[in-house]
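The structure appears right after this line, and notes come after that.
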Amino acid sequence: MNVVKSNILSSFFKNIDDCKIIPFGSGLIHRTFFLQHAEGDFILQNINHHVFKNPEDLMENIQLVSNHLKRNNYPKSVLSIKETLDGNILLQTSENEYWRIFDFIKDTQEFSKPESKKQVYQTGKSFGEFLTYLNDLPVEKIKTSIPDFHNTRMRLEKFEKAVLQDEFDRVKTSIKEIEQIRNWRFLIEDYEALNCPIRIVHADPKISNLLFDKSQKVKAVIDWDTIMPGSVLHDFGDLVRTMTCEEGEESTNFEQVKISLPYFEVLKKGFLESSESWLTEVEKDNLLLGAKVIIYEQAIRFLTDFLEGDKYYNTVYTEQNFNRAKNQICLCKTSFQVI
């Protein structure tokens, strides 16, 4: 218990004598712990409020979504917040730290990448289903957790500024990649011309944000911190980006970085099976454009960070963000070959 101050735990529990706490998971944003208590098992988190500037808004979103899903008999497990003894859904300490507790979802397993077409299909279907159950929750009730998260035009403007400043003398090593980014600017214009509906989206859909049961069926969609108003095309696009390439975004085996057509087809099949009834024709007809835009946006972000001296993404070697950008550029190229 020495990793967490007793005053934090005593804000949630009357008796903390028998608490057991161990670090948990591989998340990079929050400090996360598994908490055993006489009342049950829980997940305890110290929220990173440098990334999420308004933790109160974050928790209000989660509470609203949780209550909505429960009322509408959502068929999977739902995140349940444990309130403090004072009845609050979030603890703010005198040191300006923010802490929260969720009920632990038992008997589950996680995957960092898909291991089969069946898992790809289930991932697409589960996120489509999640959005379906949120579709009748008024979007104006949900607050934006990260402003401009998928503002690709803003990302491009920041990229051009980094190229112009060239603070770390890295432009000369990335001329080819810079030109490719500029050549794909039309993707932003194509997307903006659609004028897609603003809906409640997950905004970080990937297989590692699912919990599977022991028979490898999806038991829960997790990591709701990024739930916010946005575009379904962005959610589907990020699914394509993370689920359809057998090489991860850290791979430098660039010739093998490509969209797997069988994976793409089963992902799309699963997603549409659970969401097609309420999607507009514009959304259904432009799912692939959503994938192109999101992959393009991620390439911009990696290359921008490389040019700015690796300030945002963690790196373990000098050209890691440059290689990540090249990886995503290769992936984006193959998205134009998908029919």
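The values are calculated or read from the model by the stated rules, or taken from the named source; none is laboratory data. Predicted model, so just to flag it, every value in this text is computed and none were measured. Cβ atoms come from the backbone with ideal geometry, glycine included; neighbour counts cover every protein chain shown. Please note that ligands, DNA and RNA were not included when accessible areas were found on the heavy atoms of the full protein model with its side chains. Shrake-Rupley method; radii C 1.70, N 1.55, O 1.52, S 1.80 Å.
What the table below lists for this structure:
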quantity	calculated
Proximal aspartates and glutamates relative to Lys20, as straight alpha-carbon distance under 16 Å, when same-chain residues fewer than 8 apart are discounted	Glu39, Asp41, Asp103
Segment 35-156 - percent of accessible surface contributed by carbon and sulfur, probe 1.4 Å	43 percent
Glu95-Gln337 FRET efficiency (beta carbon distance; Förster radius 51 Å; 0.05 resolution)	0.45
R0 of 30 Å, Cβ-Cβ distance Leu85-Tyr312: FRET efficiency to nearest 0.05	0.20
Largest-first ordering by accessible area, 1.4 Å probe, given options Lys176, Lys258, Lys219	Lys176, Lys258, Lys219
Accessible surface, the chain, averaged per residue in Å² (probe 1.4 Å)	48 Å²
Carbon and sulfur %, accessible surface of segment 191-328 computed with the full protein complex present, 1.4 Å	47 percent
Mean Cβ neighbour count within 10 Å, used as a protection proxy, ranking 17-23, 315-321 highest first	315-321, 17-23
Qualifying GluC sites (Glu not before Pro) in segment 105-134, DSSP loop, other Cβ atoms within 10 Å at most 13	Glu110, Glu115
Total lysine pairs whose alpha carbons fall under 22 Å of each other in segment 194-339 (8 or more apart, or interchain)	29
Cβ-placed point charges (K, R +1; D, E -1), dipole of segment 7-140 about Cα centre in debye, nearest 20	580 debye
The chain, helix-only ellipticity at 222 nm - DSSP H runs n ≥ 4, -39,500 (n - 2.57), divided by all residues, nearest 500	-13000 deg cm²/dmol
Proximal lysines relative to Lys14, as straight alpha-carbon distance under 23 Å, when same-chain residues fewer than 8 apart are discounted	Lys5, Lys82
Packing-based order for 243-249, 134-140, 228-234, using average beta carbon neighbours within 10 Å, highest first	228-234, 243-249, 134-140
